[in-house]
Amino acid sequence: MRFVTKNEAVKRSFLEDLKREGIRFELNERLGYESFVGYMLEGTLEEIRSQIDVMEGADREALLEGFTSFRESLNHILEHIKVGERFEALLQEGPWVAELLDQLTRNGAIDYQDGVIRLRDGVDVTKLRFEFKFPFNLVHSPESAERIAKQFAFADLTMEYEFEILELDIGKINALGKVAARYFPEELLLKVYFALIGRAILAGEVLKAIGDERVELEELVKGFVRASPIAIPTEKGTLVINYSPKALEEVLRFLKRQGYVEIKAGKVKKLRDLV
């Protein structure tokens, strides 16, 4: 149950929010990467549009859709930097921001001072030259497409920050949902949120089953596997928690690492409850 980001600003801000809410977590840092393999069109916005119109050997409709999105993203950034915007605030819009800012920088179109980015006075965006990149799978005839487009491959070695959430308290998990919504897409947020809720409920049931006795680990696992999946009725519907024997064993190891149980000589003893 984890969130991963390559954005340094997101890492710092999310870290502070988790600490402020008292949510337990571990932060792991490792070398990651971003890569892209495809093609590139160069020119002013009008020139790139004209190249797409005459390109052969590629999905022209998908290219136009992608170029429209590129142009809308560019206009969005320009609206921000016309009045000045802090660099870190812009980056929180998404990883695509850095690429556009880099292109504007190479055009000599922006000023950067005291952490604030501004569009230079008098810059005519229609005269700037841009690079529009698109993935190789939009090309079905490379020989035809490469009469206009250039091959382009990009590899960026960057740090990756993984937040492993250790929380079993439902209230804290709910607070996490509100915090993480500021930084991560809804689809990812919901998946992590319900996985954490599922683990917390399963952990609570395991501790109840152990009670005040020292129970056989193998029998405990067998009993819970027979009971899988667990269906929890809620006001809005049903939460179903499914798990394999290995997943259950991992939950038990997690409880041991967090000091909730002791596992010794094939037996499990509860040391404390969740609350």
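Could you sort Phe14, Phe194, Phe224 by accessible area so the largest value comes first, with the probe set to 1.4 Å? Present the calculation step by step, with values, prior to reporting the outcome.
Numbers: Phe14 0, Phe194 105, Phe224 25 Å².
Output order, biggest surface exposure first: Phe194, Phe224, Phe14.
Only lysines eight or more places from Lys133 in sequence, or on another chain, were considered; those with a Cα closer than 16 Å are Lys150. Per-residue surface analysis assigns Thr105 an accessible area of about 80 Å², computed on protein heavy atoms at 1.4 Å probe radius. Take the chain with all the other protein chains still there, run a 1.4 Å probe, and you get 59 Å² of accessible area per residue. Legend: translational diffusion of segment 123-203 by Stokes-Einstein, Rh = Kirkwood radius over C-alpha pairs, 37 °C, 0.692 mPa s; D = 187 µm²/s. Listed by chain and number, the aspartates and glutamates whose alpha-carbon sits under 16 Å from that of Lys264, ignoring those within fewer than 8 places in the same chain, are Asp212, Glu213, Glu216, Glu218, Glu219, Glu249, Glu250.
As an exercise, identify the trypsin sites (Lys or Arg not before Pro) in segment 1-61 lying in DSSP coil whose Cβ has no more than 16 other Cβ atoms within 10 Å. Mind showing how you got there, number by number?
Working: sites: Arg2, Lys6, Lys11, Arg12, Lys19, Arg20, Arg24, Arg30, Arg49, Arg60; in loops: Lys6, Arg24.
Answer by residue number: Lys6, Arg24.
Put the Cα centre of segment 145-178 next to the Cα centre of segment 228-257 and the gap is 26 Å. Note: relative contact order over segment 76-117, using C-alpha pairs below 8 Å and six or more positions apart, is 52 percent. Helix 8-21 and the longest principal axis of the Cα set of the chain meet at an angle near 30°. Average 1/r across all pairs of distinct alpha carbons in the chain, invert it, and you get the Kirkwood radius: 22.8 Å.
Taking 1 over the mean of 1/r across every pair of different Cα atoms in segment 167-263, what Kirkwood radius in Å do you get? Provide the component values of the computation, followed by the final result.
On the way: mean 1/r = 0.0686 Å⁻¹.
About 14.6 Å for segment 167-263.
Among the GluC sites (Glu not before Pro) within segment 55-137, those in coil by DSSP and having at most 13 neighbouring Cβ atoms inside 10 Å are Glu56.
Note on the chain: dipole from Cβ charges, positive end direction compared against Tyr243, Leu220, Ala145; the farthest Cα belongs to Leu220. Normalised by the number of residues in the chain, the mean separation of alpha-carbon contacts (under 8 Å, six or more apart) gives a relative contact order of 28 percent.
In segment 46-101, inverting the average of 1/r over every pair of distinct C-alpha atoms gives 12.7 Å as the Kirkwood radius.
Computed about the Cα centre, the dipole magnitude for the chain is approximately 1340 debye when only Lys and Arg (+1) and Asp and Glu (-1) carry charge, each at its Cβ. Taken about its Cα centre, segment 41-132 carries a charge dipole of about 300 debye when Lys and Arg each add +1 at the Cβ and Asp and Glu each add -1 at the Cβ. Using a cut-off of 15 Å between beta-carbons, work out the net charge of the residues near Asp124 (Lys and Arg +1, Asp and Glu -1, Asp124 not included). Charge balance near Asp124 sits at +1.
The values are calculated or read from the model by the stated rules, or taken from the named source; none is laboratory data. This is a predicted model, so every value here is computed, not measured. Cβ coordinates were reconstructed from backbone atoms using ideal geometry, including for glycine residues, and neighbour counts include every protein chain displayed. Protein only, heavy atoms only, side chains kept; ligands, DNA and RNA dropped before computing areas. Shrake-Rupley method; radii C 1.70, N 1.55, O 1.52, S 1.80 Å.
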